[in-house]
Amino acid sequence: MRVAVINCGSSSIKYEVFNTPDLAMLATGLIEKIGGSESCLRQRKCRADGTFKEQSHTKPLADHYEGFEFMASVNKEDRIVKDDSELVGIGHRVVHGGEVFREPTVIDQEVVAAIRRLIPLAPLHNPSNLLGIEAAMARFPGIPQVAVFDTAFHQTLPPWAFHYAVPSAWYTEYHVRKYGFHGTSHFYVSREAAQHLGKEPESVNLITLHLGNGASVAAVQRGVSVDTSMGLTPLEGLVMGTRSGDIDPALHFYLMRQTGMSADELEKFLNSQSGLKGVCGLNDMREIIDRAEGDARAALALDMFCYRVKKYIGSYIAVLGRVDALVFTGGIGENSATVRSRICSGLERMGIIVDEQRNATCSGNIASIHEESAPVKTLVIRTDEEREIARQTIHAVKKAGL
Ligand code: AMP
C-alpha cells in the first residue's frame, strides 16, 4: 500500500509517495506553473539501490485538480501507484492550525471550513494549502485525506510563553498569540534525538535548531514544545534568509511615519527583503560564508545570524533548566560546520562542547559532534518532514478507523 504527501503552493504541487508500512520513499515530484500554458511536472522514481529515474513533462494544466490527475497518470504509468485504491491516505502539509488543531486531523467539510476560517492568520499559506486539499478531495474522493499542521507541535506552550503582553482582548477577539511553526521538523528531530540517546521522548530536554532559509528554535521539555522562536507569524525570532526575525515593534510606526510606507509594503520588506538578504544582499548561506572573508556586509550577516541563535540557546537553557542535547537541522544546520561551530563557541561553560574534528566530518542522517565528556550532547540530524507527515497520516487514518 502507499501513502502520498502533498505540499501545495498557489501554482504548484510538491509530492512524495511512500510505501507502507516501511515508509520507503518511492517517488518525489514537483508540478509547477499550474494555470499556465507550460505547466511542468518533474518526478524522481527512487530505486531500491538508491539511484533515481528522472522524468519531466510539460503540458497545460488549468488547475490543481488537473495537476493531481496528471500526477496520478504518471504514477500509474511508472507503476508507483497502480490504482488509486492502493492509497491508504493522502497527507497535506497545512501551515496554520491556530488553536483549533493540536494534532493531525482527518479532513471533512468541517475541517475545510475551520482551515478557511484561519486564513487571516496565514494569508500567504493556508489558501494554497486549501486549494490542494479541495482538489485532492475531488480527484481522490474515496481516499482519506489528513491535514498535518506546522503549528500543532507548539500547542503545548504554557500561557506565559504563548501570550504577548498586549491588551487581552487582542487574544480573545483576534487570536493574537505565539503559535510557532516548523512543528513537524522540531517534532521529528526531537523523536530521533531521544531514540539516538537511548531514551524515551518523555524523559529528555532538548533545544532543537531548525536552520534553513526559514529558521526557528524550540525548547522541548519531556517531549513537548514549551517555547519556540517564531510567533503569531513565521516572521518572529531568528535572523532568516529574507525575514528580519526579532525587531523592535516600534520600528514599524517609525518607518511608516518617516517613509510613508503602507503596512502591506512594510510587511513585504520584513518578509522578503530583510534577514541575511537585507544585511548583505545574499540569502544563500553558502555564498555568505564564501564571501565573509573579504566582504564586511557578508561577515556582518553571518555574525548576526549566529549571534541570534546563540542568544536563543542561552534563553532556552534558562527555560529548560537541564538540557540533554542541542540538535542542529535544516539546510544550514545539517550542512554548515562553520555555522555550527560559531554558534556553539563560548557555550562551553553551559555544557555545550563541540569536537571540531567530528563537527567538520559529520555525515549521515544522525551524527554526534560533541566532545565525549560534554554534559550536553550536540547532534546533527537530517530532518524529514515528508516522512513524518506520511507517518502521522497513517496514524490518523488508523485512529479514525478508516
Ligand atoms: P532549507 O531551507 O532547509 O532548504 O535550507 C536552505 C539554506 O541552507 C540555504 O541558505 C543554503 O545556503 C543553506 N545550505 C545548504 N547547504 C549548505 C552548506 N553546505 N553550507 C552552508 N549552508 C548551506
Counting pairs of alpha carbon atoms under 8 Å apart in space and at least six apart in sequence, what relative contact order in percent does the chain give?
14 percent
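Between their Cα atoms, which of K14/K311; K14/K82; K59/K82; K178/K399; K45/K277 are more than 25 Å away from each other? Don't skip to the end; give the middle numbers.
Details: K14/K311 35 Å; K14/K82 20 Å; K59/K82 22 Å; K178/K399 29 Å; K45/K277 35 Å.
Checking Cα-Cα distances, K14/K311; K178/K399; K45/K277 exceed 25 Å.
If exposed means no more than 12 neighbouring beta carbons inside 10 Å and the site is in a DSSP loop, what's the longest run of the chain without any exposed trypsin sites (Lys or Arg not before Pro)?
Details: sites that count: R47, R79, K82, R322.
Segment 83-321 is the longest.
Keeping the other protein chains in place, figure out the carbon and sulfur percent of the accessible area of the range 208-252, with a 1.4 Å probe.
Values: 710 of 1250 Å².
Carbon-and-sulfur percentage of accessible area, whole number: 57.
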The range 240-399: relative contact order from alpha carbon pairs under 8 Å, six or more residues apart, as a whole percent, is 16 percent
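Per residue, how much accessible surface does the range 259-402 expose to a 1.4 Å probe? Answer in Å², no decimals. Can you show the working numbers first?
Working: 7260 Å² over 144 residues.
Counting only protein heavy atoms, the per-residue value for the range 259-402 is 50 Å².
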Return the Cα extents of the range 1-80 along principal axes one, two and three, sorted largest first, each rounded to a whole Å.
36, 20, 18
Lys and Arg at +1, Asp and Glu at -1: neighbours of C46 with Cβ under 10 Å from its Cβ sum to +2
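Relative contact order of the range 11-64: what whole-number percent is it, with Cα pairs under 8 angstrom and at least 6 residues apart? Write down the numbers at each step before the final one.
Values: 114 pairs, mean separation 16.9, N = 54.
Normalised by residue count, the contact order of the range 11-64 is 31 percent.
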Using a Förster radius of 41 Å, what is the FRET efficiency between E371 and R42 based on their Cβ-Cβ separation? Nearest 0.05, please.
0.40
With a sphere of radius 13 Å drawn around the Cβ of M261, what net charge do the other residues whose Cβ falls strictly inside it have (Lys, Arg +1; Asp, Glu -1)?
-1
Nearest 5 percent is fine: what portion of the DSSP beta bridges confined to the range 277-402 is antiparallel?
45 percent
At R0 = 30 Å the Cβ-Cβ FRET efficiency linking M256 and V319, nearest 0.05, sits at 0.35
Under Stokes-Einstein, with the Kirkwood radius over Cα pairs standing in for Rh, what whole-number D in µm²/s applies to the chain at 20 °C and 1.002 mPa s?
96 µm²/s
Gained length - E267 relative to K53, 0.36 nm times residue gap less alpha-carbon distance:
72.9 nm
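For the chain, what does the helix formula give at 222 nm: sum of -39500 (n - 2.57) over DSSP H segments with n ≥ 4, over the residue count, nearest 500 deg cm²/dmol?
Numbers: 15 runs with 156 residues, N = 402.
That calculation yields -11500 deg cm²/dmol at 222 nm.
Which GluC sites (Glu not before Pro) does the range 13-87 hold that lie in a coil by DSSP with at most 12 other beta carbons within 10 Å? Mind dumping the intermediate values first?
Details: sites: E16, E32, E38, E54, E66, E69, E77, E86; in loops: E38.
Qualifying residues, ordered by number: E38.
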With +1 at each Lys and Arg Cβ and -1 at each Asp and Glu Cβ, the charge dipole magnitude of the chain around its Cα centre, to the nearest 20 debye, comes out at 220 debye
What do you get for the angle between helix 250-259 and the principal long axis of the chain? Use alpha-carbon atoms, 0 to 90 degrees, nearest ten.
80 degrees
A correct Kirkwood calculation over the Cα atoms of the range 100-153 returns a hydrodynamic radius in Å of 11.5 Å
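Below 10 angstrom from the Cβ of I6, what's the summed charge of the other residues (Lys, Arg +1; Asp, Glu -1)? Intermediate values should be presented prior to the final figure.
Numbers: positive: K14, R93; negative: E16, E386.
The answer is 0.
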I'd like the Kirkwood hydrodynamic radius of the range 120-264, using the inverse of the mean 1/r over distinct C-alpha pairs, in Å.
17.4 Å
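Taking the Cα centre as origin and putting +1 on Lys and Arg beta-carbons and -1 on Asp and Glu beta-carbons, what dipole magnitude results for the range 235-382, to the nearest 20 debye? Let's see the in-between values first.
Details: 17 positive and 19 negative charges, 33 e Å.
I would put it at about 160 debye.
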Cα centroid separation, the range 250-323 to the range 326-402 (Å)
23 Å
Using a cut-off of 19 Å between alpha-carbon atoms, which lysines can reach K199, once sequence neighbours fewer than 8 places away in the same chain are excluded?
K377
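In whole percent, and with a 1.4 Å probe on the protein chains, what portion of the accessible area of the range 307-402 is carbon and sulfur? The partial results should precede the final answer.
Working: 2260 of 4480 Å².
The nonpolar share, carbon plus sulfur, comes to 50 percent.
The values are calculated or read from the model by the stated rules, or taken from the named source; none is laboratory data. Remember, it's a predicted structure, so these values are computed and weren't measured experimentally. Don't worry about glycine lacking a Cβ; one is built from the backbone with ideal geometry, like all the others, and counts go over all protein chains shown. Accessible surface areas use protein heavy atoms only, side chains included; no ligands, DNA or RNA. Shrake-Rupley method; radii C 1.70, N 1.55, O 1.52, S 1.80 Å.
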